[in-house]
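The values are calculated or read from the model by the stated rules, or taken from the named source; none is laboratory data. The structure displayed is predicted, hence computed values, not measured ones. Here Cβ is always computed from backbone atoms with ideal geometry, including for glycine, and neighbour counts include all displayed protein chains. Calculation scope for accessible area: heavy atoms of the full protein, side chains included, ligands and nucleic acids excluded. Shrake-Rupley method; radii C 1.70, N 1.55, O 1.52, S 1.80 Å.
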Number of protein chains: 2
Amino acid sequence: MAAGCKAAARLNRICSNYHITIIEKKPCLSVSSCGLPYYAGGDVDDFSELIKTSYGVIRDEQYFHHVKGVDVLTNTLVSDINTKKKEIICCNIKDETFTLKYDSLIITTGAIPKEPPFQYQTSPAISFFHSPLDSKNFREAVQKGEVEKAVIIGGGFIGCEMMEALTSLWGIDTVIIEKEKSLLPGCLDSEISYLVESSVNESKIKLMLSESVNKIETDINNKPIVFLENNSKINSDYVFFCLGVKPNTKLALKSNIKTGKHSGIIVDEQMRTNIPDIWAAGDCVEVKNLITSKSDYFSFGSLANRMGRIAADSIGGKSFSFKGSTGTFSLKLFDNIIGATGLTEEKAKKLGFITGSVIGCWPDRPDYYPEMKNLFGKLVYDKENLRLLGLQMVGEGEVTRYIDVFSELLFHKSNLEDLVNLEHGYTPAHSSPISPLNNLGYMAINQECEGIKNFNPLLLSTFKGIFIDVREPYEIESNPFQQNSIQIPLSEVKLKLDELKSEKPVMFICEKGPRSYEAARIFTKHGCKNISYLGGGNLFYSRIMNSHFIKNLDNTFDKSKVETNSVE
Amino acid sequence: MAAGCKAAARLNRICSNYHITIIEKKPCLSVSSCGLPYYAGGDVDDFSELIKTSYGVIRDEQYFHHVKGVDVLTNTLVSDINTKKKEIICCNIKDETFTLKYDSLIITTGAIPKEPPFQYQTSPAISFFHSPLDSKNFREAVQKGEVEKAVIIGGGFIGCEMMEALTSLWGIDTVIIEKEKSLLPGCLDSEISYLVESSVNESKIKLMLSESVNKIETDINNKPIVFLENNSKINSDYVFFCLGVKPNTKLALKSNIKTGKHSGIIVDEQMRTNIPDIWAAGDCVEVKNLITSKSDYFSFGSLANRMGRIAADSIGGKSFSFKGSTGTFSLKLFDNIIGATGLTEEKAKKLGFITGSVIGCWPDRPDYYPEMKNLFGKLVYDKENLRLLGLQMVGEGEVTRYIDVFSELLFHKSNLEDLVNLEHGYTPAHSSPISPLNNLGYMAINQECEGIKNFNPLLLSTFKGIFIDVREPYEIESNPFQQNSIQIPLSEVKLKLDELKSEKPVMFICEKGPRSYEAARIFTKHGCKNISYLGGGNLFYSRIMNSHFIKNLDNTFDKSKVETNSVE
């Protein structure tokens, strides 16, 4: 796939006298696997689009030979490596065994899907979603009209993409089952997940969170029946396992190539394994997490490409290095773009960081400009040295822009002041003069240095004090704040300061955050203590109140499960 | 405006015992001036949108007093500063003179439009485009049906925005006159400008480049007549001067506040001037160019905001600093986003850098993904140490994303390897696994280390050698390359290597660049010298061939005016 093909093509470019062979156990190589959900969903109509070049030529053995200068053996499995003799033992589709000598070997065996932790029957309608065949089989079944109801098990990246794929064009009634309490667990903090979830308003989708599967059987028509731990069952026409992937290291382990605690092959910055003349790259290796400086595992096509190139460079005697990853990703889900980089607050806490965080909501361009869309984001930082740890954003606007920039900030171990100093290309068509990143920096500095607390909306029920809603009456009417509150427009807060002053904690509420911050500032300045404002405003709060998780809890929060930092 | 209002609000927040006054000579403050072209053009229908908060409250004196804790004197001119007595001399609209004491003074007098270098008559229909009144007057005239034909003098940011404003909604026949040979001169290198220009396909627009105005008179109906240096004249209903801005330092100069060679006030990183207790911020100051480390001038609202905050922080005893600017901008022009950061190649050469550059074209997401759009870009770097100097991009996709990230790279004085190492949030909906920035890095490294030349399309006529077009026949048919070429699809290049080998220089051509690079690589690998490929492919080349400049030159280039680096 990405790492192997890139390494081979690069090596051919830089080493004119090498004979390079790619060995692939599947019938074809270089499928754009990140495109498979779009083929399954019908956005990409013809499978061959995923294996064609941009100018319509299929990337087959001929193509690799003539254009990339690389020989390709498909339908060929490498069963073992003899690291002393420097040869590999191969087995082709005719069951013929043969050996090949190597001077340099790159292992790019990629990732394999994680097995479900429950029993399931074998059936064409119970499938992983990992290989081209998985997506082809599904498309065939859909096009024959065999799929009206589907179940996706796992709410990670692929599970979310498949949720959209199944419903948007095909209109399949889809149940998505996730054992954690929110979608994209581990990738997003809960409140950001709930925001994502609240935007999944497709009538065809049923989210089942905090639910586990017990077993999957098939009925007499070979249709799957999913039995849940809660003793209910779901009849379905198709079941997908989207439980994530793990490094495919079977071959490496046989050859005493070292793997790490994430089960990936351990490599240095030039992608060298512990065995001489063997490199590894792509989804089968662990990489350094640039925030923690520890080994981590990320299965991203963009990293695989870069690693493949570095491995080739190393073999070819060039000194480039793969420094590690910030774990940057983005994902489209219906109208939203979701992106994150660095650590979530949950992960950072687990790793022992004393975290601070702020949550915000902004228009993606000035309010006066037509077609304004809202962006929501969460910044996580280290309270001890104000170093940036992570960013999560969701919205219909240019989320990827901020995520990419933040990744670069993380690479440079930047702090809150660097965030405030950040320059961006401002035009009213695409941004505000103060970018969301500047804004998050300001909020965090104000929280740390001036004691103006940005209150996490997920913790609202823990707040024992007075709410003051500083929006205009027409705003409150159209999107009421779902707690008892005093209602005073911002322009009157200063005038009514004396009558509003209280011994109790006060939290200000507005639509997106800035006005409640202003009000909090006015109070603090006049000597009030224990003043906070609701991060992301009532817009963020009212959206997460609409999420499945919150609704299921009947508007009372499960506090034990909620992690946060900002309230004392 | 931005700097003054920001500084005042910030100062109020951090200094609880200060009495803060904003003095403004116009009748209102805090107009979003970057929004004026959109009001003129009708995208923003109601002028009050530009002075309202997001929740519909007008930012007037009352608002500033109650919400920001700041007093405002409008219609008041500061005529002088007595720096010894620490007081300012003011004059209000009733011609009353009075003095005000200060402990700390921040000068945020902004910028004023540059005066035309020719004579013109005074008329309501001959106007700068700078103040709210300018845009209001124009809107009134348009809405009365008085404007069918307009002339814009100056093709910089505002000139370009006004070109769209006048034509898109109002359908005004518009002539834009620019004395340089391309639009956005100084901001973009010529080839990128021509690309921008080729997308200006509005039938209502006439571009007059390399043209100068001699004088402007009015006819008996008071309609402007623009006389050109070439002795032709243009009758018009409205004329706009969009000749750029310069720092407004009249007050500062009176008070012996030092200005620099760009005529802006000189400040340190805390925005302090040379006079004790006087700060300056926004469009009236010079800032450090982070690439050259020399003083420079940028008139951007985003910088003004940040400077205002830093000035307030400095007065309030906080230690934040304004490090300088990479000169990052973006601009929407019809369907394109244009963005740049750092130095153009032309500017870098003038400053004495030995520059290298590469030009590219990419789909903004994988080819198989629906709604793919093309991005075009140019990277400029220092050949001596491979340090990044600048990036220019144009396209319908997420240009701002790459510009913002590159600005951060420039901030860190990054080099080509850093560009290659760059991580981005990859999803097929919004990007390719290898980002355009990675790609530009690869091309530049290949050019420097492997001798594969990226040939600047503007210089094509200087190439004396053989062109080989490696596209598929159907592509050549639909978008022919306008030079004599040998046509061999990439997959056959290697097979026909021996018969194609030549003593002459060879340049490969494809649609966007990657295939011609591959072909160049194959040739170089087999010992051929003097091999290059056309940067940005025939797509870039054919677009700039459609630009006004090239057309006017009757398909022969004005070589003397073209600057480049890459050809020996």
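Some notes on this structure:
Quick grid of which residues meet (1) touching a strand residue (DSSP E or B) at 6+ places or on another chain (Cβ under 6 Å); (2) without any contact (Cβ under 8 Å) to a residue 24 or more places away in the chain:
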| position | (1), (2) |
| --- | --- |
| B:ALA125 | yes, no |
| B:LYS136 | no, no |
| B:GLN143 | no, yes |
| B:GLY159 | yes, no |
| B:MET162 | yes, no |
| B:GLU202 | no, no |
| B:LEU207 | yes, no |
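- Taking segment B:452-505 as the region of interest, none of the helices (runs of 4 or more DSSP H) fully inside it holds 3 or more residues being surrounded by 19 or more Cβ atoms within 10 Å (Cβ to Cβ), on the phi < 0 side of the Ramachandran plot and under 39 Å from the mean Cα position of the chain (by Cα).
- Complete set of residues in segment B:1-47 that are polar (S, T, N, Q) and within 27 Å of the chain's Cα centre (by Cα): B:SER30, B:SER32, B:SER33
- Check on B:ILE177, among the aliphatic types (A, V, I, L, M) and touching a Gly at 6+ places or on another chain (Cβ under 8 Å): yes
- Condition broken by A:LYS25, with the remaining ones in (1) in contact with a helix residue (DSSP H, G or I) (Cβ under 7 Å, 6 or more places away or on another chain); (2) among the basic types (Lys, Arg); (3) open to solvent by 20 Å² or more (accessible area, probe 1.4 Å); (4) modelled with pLDDT of 90 or more satisfied: (1)
- Residue check, A:MET163 part of a helix (DSSP H, G or I), at negative phi and touching an Asp or Glu at 6+ places or on another chain (Cβ under 9 Å): yes
- Of the candidates A:ASN546, A:ASN555, the single residue that is surrounded by 14 or more Cβ atoms within 10 Å (Cβ to Cβ), away from chain B (no Cβ under 14 Å) and modelled with pLDDT under 90 is A:ASN546.
- The set of residues from segment B:413-426 being in contact with a helix residue (DSSP H, G or I) (Cβ under 7 Å, 6 or more places away or on another chain) and within 9 Å of chain A (Cβ to nearest Cβ) comprises B:ASP418, B:VAL420, B:LEU422, B:GLU423, B:HIS424, B:GLY425, B:TYR426.
- Segment A:368-389, subset open to solvent by less than 10 Å² (accessible area, probe 1.4 Å) and not hydrophobic (A, V, I, L, M, F, W, C), residue nearest to the other protein chains (Cβ to nearest Cβ): A:GLY377
- Meeting the requirement of 2 or more residues that are out of contact with any Leu (no Cβ under 8 Å at 6 or more places or on another chain), surrounded by fewer than 18 Cβ atoms within 10 Å (Cβ to Cβ) and not charged (D, E, K, R), the strands (runs of 3 or more DSSP E) wholly within segment B:189-300 are B:224-228.
- Flag for B:LYS181 being at pLDDT 95 or above and farther than 12 Å from B:CYS242 by Cβ: no
- The set of residues in segment B:512-527 that are under 17 Å from B:LEU539 (Cβ atoms) and either of a type in the set (A, V, I, L, M) or assigned to a helix (DSSP H, G or I) (or both) comprises B:PRO514, B:ARG515, B:SER516, B:TYR517, B:GLU518, B:ALA519.
- Candidates A:SER516, A:SER502 - the one that is within 29 Å of B:TYR18 (Cα to Cα) and more than 12 Å from chain B (Cβ to nearest Cβ): A:SER502
- Boolean, B:SER236 is in contact (Cβ under 8 Å) with a residue 12 or more places away in the chain and over 23 Å from the mean Cα position of the chain (by Cα): yes
- Residue among A:PHE376, A:PHE353, A:PHE406 that alone is of a type outside the set (A, V, I, L, M), in contact with an Asp or Glu (Cβ under 6 Å, 6 or more places away or on another chain) and modelled with pLDDT of 95 or more: A:PHE353
- Selection from segment A:390-412 of residues that are away from chain B (no Cβ under 11 Å) and surrounded by fewer than 24 Cβ atoms within 10 Å (Cβ to Cβ): A:GLU396
- All conditions in (1) closer than 30 Å to B:GLY316 by Cα; (2) out of contact with any Asp or Glu (no Cβ under 9 Å at 6 or more places or on another chain); (3) modelled with pLDDT of 95 or more hold for A:PHE467, with the sole exception of (1).
- Of all the criteria given as (1) more than 8 Å from chain A (Cβ to nearest Cβ); (2) farther than 30 Å from B:ASN456 by Cα, the one not satisfied by B:LYS323 is (1).
Listed here are the residues, each with its yes/no results for (1) farther than 30 Å from A:PHE334 by Cβ; (2) touching a strand residue (DSSP E or B) at 6+ places or on another chain (Cβ under 7 Å).
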{"residue": "A:ILE192", "(1), (2)": "no, yes"}
{"residue": "A:ASN231", "(1), (2)": "yes, no"}
{"residue": "A:TRP279", "(1), (2)": "yes, yes"}
{"residue": "A:VAL287", "(1), (2)": "yes, yes"}
